[in-house]
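The values are calculated or read from the model by the stated rules, or taken from the named source; none is laboratory data. Everything quoted here is computed from the prediction, not taken from an experiment. Because the Cβ atoms are built from the backbone with ideal geometry, glycine has one as well, and the counts that use them run over all protein chains shown. SASA here: full protein model, heavy atoms, side chains in, ligands and nucleic acids out. Shrake-Rupley method; radii C 1.70, N 1.55, O 1.52, S 1.80 Å.
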Amino acid sequence: MTKEKWGELRERLLTTVGQNNYTTWIEPLDFRDLDDGIATFDVPTHFMGNYVSQNFSDLILHELKNEDDSIRRLSFSVPANSQSRPSAIDTPARTAAPVPPTPTRAHAALSAAPLDRRFTFDSFVVGKPNELAHAAARRVAEGGPVTFNPLFLYGGVGLGKTHLMHAIAWELQTRRPDLNVLYLSAEQFMYRFVQALRDRKMMDFKELFRSVDVLMVDDVQFIAGKGSTQEEFFHTFNALVDQNKQIIISADRAPGEIKDLEDRVKSRLQCGLVVDLHPTDYELRLGILQSKVEQHVLTYPDLRVEDGVLEFLAHRISTNVRVLEGALTRLFAFASLVGRKIDMDLTQDCLADVLRASERKITVEEIQRKVSEHYNIRLSDMIGPKRLRSYARPRQVAMYLCKKMTSRSLPEIGRRFGGRDHTTVMHGVKRIEELKQQDGQIAEDLEMLRRALEA
């Protein structure tokens, strides 16, 4: 058995375990030697050795035995000179060491979720709704001293949270390859925690998460209501902050608005910089389309988009950037297949279903934002638990508009307003119905908001 032969076997395992498992767990394995029927592999961390031994050893051993019948078992060890856990605060002598041009094997082993190469800062289109989030992400990605910890990014679907998270990870790999950056979803954090409990490997779990220099957790709202997972996340959070390690979190709403999230976890998440990615405006959507057209033209050099098409799409598809990008991709592919130019006629033929689905469907979030802007209050106060009249009346107005202008049920509207009961929504709607007849100002506000939302 040689390193060259292991390289060939390793490539064969790719088709069996899949690209993600291969990149994370198989590729970092380094064959050391074969002695008395024991094949020994070097691994970056003890956690990785234990994980591979439990989940992939039978498969690897089967492949090895096909080449050499004398191999009886596998052994995984961390080399004595391993630098799998560099500190975020290096000594001068250590920072003088040569920096590898690509991420180390230890870095690859800690990558719990694959990073999308399309999601970089260069491909992120900046506009007024997301400029603060972009600036904060850029600052953290410099890898310098921690300035705000954690950085908490939140916003609706398709507004760029995951794009910024990936962009930070890519930038850190380029600027500071000496740092261990762990990016994963909250669901993966919970899965690893449960697996560690089941396998009685909690010390390995704690060692892994407390050894990173930058922890990035996407969609943290998924741990809400999971008591034991929240407790471990809380302790991990505190341990990393105490070591001055950077934490970056994303969610679909602000920490204080995540139902069933423990108060102590909420307070920790709110102690850094909390940044909202607002819904896209027309100018930002148009900028995104123009950027994507430049990319598509490289694939379809003979196709050009006629004047007015991008403006039309930016106006009609307003709820989700992913839908917007998908519509443009379909448009280019369709035009190439049928040999037609990309004009308004082709756009309406090709995207008829998308345009129908996007036909001014007003969302609860849009209503909440418009109402809070109209009454000059913070969105978090309107959705939050405060019962002051200055917040309660706009809240009832927003509930009324949600009932009249969307197809959402009363329980669903209640959930969007801080987890309130449907009877609260019913009372709010009824109260605004009464006030509309008695108070001319309320009637005027409702009409003004309805026109703004339908514009």
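Of the residues making up the stretch 208-230, those that are open to solvent by 50 Å² or more (accessible area, probe 1.4 Å) and among the small types (Gly, Ala, Ser) number 2. Looking across the stretch 126-185, the residues that are part of a loop (DSSP other than H, G, I, E, B) and open to solvent by less than 20 Å² (accessible area, probe 1.4 Å) come down to Gly127, Pro129, Asn130, Gly143, Pro150, Gly158, Gly160, Pro177, Leu179, Asn180. Figure legend. Inter-residue proximity from the stretch 389-407: first residues aromatic (Phe, Trp, Tyr), second residues at pLDDT 90 or above, beta-carbon distance below 6 Å, spacing 6+ or different chains. Indicated pairs: Tyr400/Val429; Tyr400/Ile432. Residues in the stretch 27-51 that are under 19 Å from Asn66 (Cβ atoms) and either of a type in the set (Gly, Ala, Ser) or at pLDDT below 85 (or both): Gly37, Ala39. Of all residues in the stretch 399-454, those satisfying the criterion of being aliphatic (A, V, I, L, M), modelled with pLDDT under 85 and surrounded by 16 or more Cβ atoms within 10 Å (Cβ to Cβ) are Met405, Leu453. Out of all the residues in the stretch 1-23, is one or more aliphatic (A, V, I, L, M), open to solvent by 30 Å² or more (accessible area, probe 1.4 Å) and at pLDDT 85 or above? Within the stretch 1-23, none of the residues are aliphatic (A, V, I, L, M), open to solvent by 30 Å² or more (accessible area, probe 1.4 Å) and at pLDDT 85 or above. Scanning the stretch 399-423 for residues that are among the polar types (S, T, N, Q) and either touching a Leu at 6+ places or on another chain (Cβ under 9 Å) or assigned to a helix (DSSP H, G or I) (or both) returns a single hit, Thr423. What about Ala93, is it open to solvent by less than 50 Å² (accessible area, probe 1.4 Å), farther than 24 Å from Pro279 by Cβ, at pLDDT below 50 and not in a loop (DSSP other than H, G, I, E, B)? Against the criterion (open to solvent by less than 50 Å² (accessible area, probe 1.4 Å), farther than 24 Å from Pro279 by Cβ, at pLDDT below 50 and not in a loop (DSSP other than H, G, I, E, B)), Ala93 does not qualify. The requirement of being open to solvent by less than 10 Å² (accessible area, probe 1.4 Å), touching a residue at least 60 places away in the same chain (Cβ under 8 Å) and part of a helix (DSSP H, G or I) is satisfied by Phe205. So how many residues does the stretch 60-90 have that are modelled with pLDDT of 50 or more and either charged (D, E, K, R) or surrounded by 14 or more Cβ atoms within 10 Å (Cβ to Cβ) (or both)? The number of residues fulfilling the criteria is 15. Checking each residue in the stretch 232-277 for being under 28 Å from Asn320 (Cβ atoms) and surrounded by fewer than 15 Cβ atoms within 10 Å (Cβ to Cβ) picks out Lys259, Asp260, Gln270.
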